[in-house]
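Novice: What follows is a structure written as structure tokens; I'll ask about it next.
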Amino acid sequence: MKILFVNKFFFIKGGAETVFFQERDAMLQAGYQVVDFSMQHAENKPSPWESFFVHNVDYHQSHGLTGKLKAGIDFIYNAEACNKLNTLLLEQRPDIVHFHNIYHQLTPALIGVAKRFGCKTVLTAHDYKIVCPSYTMLRDGHVCDDCLTGPVSNAFRHRCQQGDTFKSLLLSLEAYWQKFAQNYAMLDCIIAPSEFMRQTLLRKLPRSRIDVIVN
């Protein structure tokens, strides 16, 4: 069996990457074929498939109106990532595509690319991004489920991204796009690290298969 692992960082940046590499290494040790897809970065670990990695996306360095417009589009739908993933799928033909941290830089549009190719798709949820545009379900030190029980425009209304109007607007627009595109609903399975997260995600995706695997 061949598994394509997808994560926007191919180096240890945080807990998500720690789990990503642990799982990837475990599959290699178990005898599965492993293929990588990620983003270019100077700190990346070596990979035989790094030529397929997308250009590094750093939204903090987007300058000028043109740069910000392009960053805004890529934030919602990264065409380069979709095209490169499709090329990699054609060459490697994996059985399963396992997504980890793909939001904003790679974008969940990759899920649709993999499904159209006929692959089984899995996403490990390392946070609450599926139900909360700003990831955390926290606001002003308190639990907030406004974007789960109400419109995702609440992320813009509350200025959830560092109190910044433009960044918060992007979060809401991206969440509206995901609702329209139904990328998460295409997944064959979502993995949650806790039963609490599983139940929370089911409120958004009641028909989805969501399994619990603790970190």
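The values are calculated or read from the model by the stated rules, or taken from the named source; none is laboratory data. Every value quoted in this text rests on a predicted model; they were computed, and no experiment measured them. Glycine gets a Cβ as well: all are built from the backbone with ideal geometry, and neighbour counts include every protein chain shown.
Novice: Within the range 146-175, track down each residue that is polar (S, T, N, Q) and either modelled with pLDDT under 95 or buried (at least 17 other Cβ atoms within 10 Å of the Cβ) (or both).
Specialist: Answer for the range 146-175, where residues must be polar (S, T, N, Q) and either modelled with pLDDT under 95 or buried (at least 17 other Cβ atoms within 10 Å of the Cβ) (or both): SER153, ASN154, GLN161, GLN162, THR165, SER168, SER172.
Novice: I need the full set of residues from the range 168-204 which are of a type in the set (D, E, K, R) and more than 17 Å from MET137 (Cα to Cα), in order please.
Specialist: Within the range 168-204, the first condition is being of a type in the set (D, E, K, R), and the residues that meet it are 174, 179, 188, 195, 198, 203-204.
Residues satisfying the conditions are LYS179, ASP188.
Table: residues versus (1) at pLDDT 95 or above; (2) under 21 Å from the mean Cα position of the chain (by Cα); (3) not polar (S, T, N, Q).
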{"position": "VAL6", "(1), (2), (3)": "yes, yes, yes"}
{"position": "ILE12", "(1), (2), (3)": "yes, yes, yes"}
{"position": "THR18", "(1), (2), (3)": "yes, yes, no"}
{"position": "GLN33", "(1), (2), (3)": "yes, no, no"}
{"position": "GLN40", "(1), (2), (3)": "yes, yes, no"}
{"position": "GLU80", "(1), (2), (3)": "yes, yes, yes"}
{"position": "LYS84", "(1), (2), (3)": "yes, yes, yes"}
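Novice: Please go through (1) among the small types (Gly, Ala, Ser); (2) at pLDDT 95 or above; (3) farther than 16 Å from PHE117 by Cβ; (4) assigned to a helix (DSSP H, G or I) for GLY72 and return the number of the only condition it doesn't satisfy.
Specialist: (2)
Novice: Keeping to the range 119-157, report how many residues are farther than 21 Å from CYS189 by Cα and not in a loop (DSSP other than H, G, I, E, B).
Specialist: Qualifying residue count for the region: 11.
Novice: Considering the range 22-62 alone, what residues qualify as being among the hydroxyl-bearing types (Ser, Thr, Tyr) and either exposed (fewer than 11 other Cβ atoms within 10 Å of the Cβ) or over 24 Å from THR107 (Cβ atoms) (or both)?
Specialist: TYR32, SER51
Novice: Applying the selection to the range 47-68, what residues are of a type outside the set (S, T, N, Q), at pLDDT 95 or above and more than 19 Å from the chain's Cα centre (by Cα)?
Specialist: PRO48, TRP49
Novice: Here are some conditions: (1) in contact with a Pro (Cβ under 8 Å, 6 or more places away or on another chain); (2) crowded, with 17+ Cβ neighbours inside 10 Å. VAL212 meets all but one. Which one does it not meet?
Specialist: (2)
Novice: Residue under question is ALA181, and the condition is that it be of a type outside the set (Ser, Thr, Tyr) and in contact (Cβ under 8 Å) with a residue 60 or more places away in the chain; does it hold?
Specialist: So ALA181 fits the description; yes.
Novice: I would also like to ask the following. Identify, by number, the condition in (1) over 17 Å from GLY72 (Cα atoms); (2) surrounded by fewer than 21 Cβ atoms within 10 Å (Cβ to Cβ) that ILE130 doesn't meet.
Specialist: (2)
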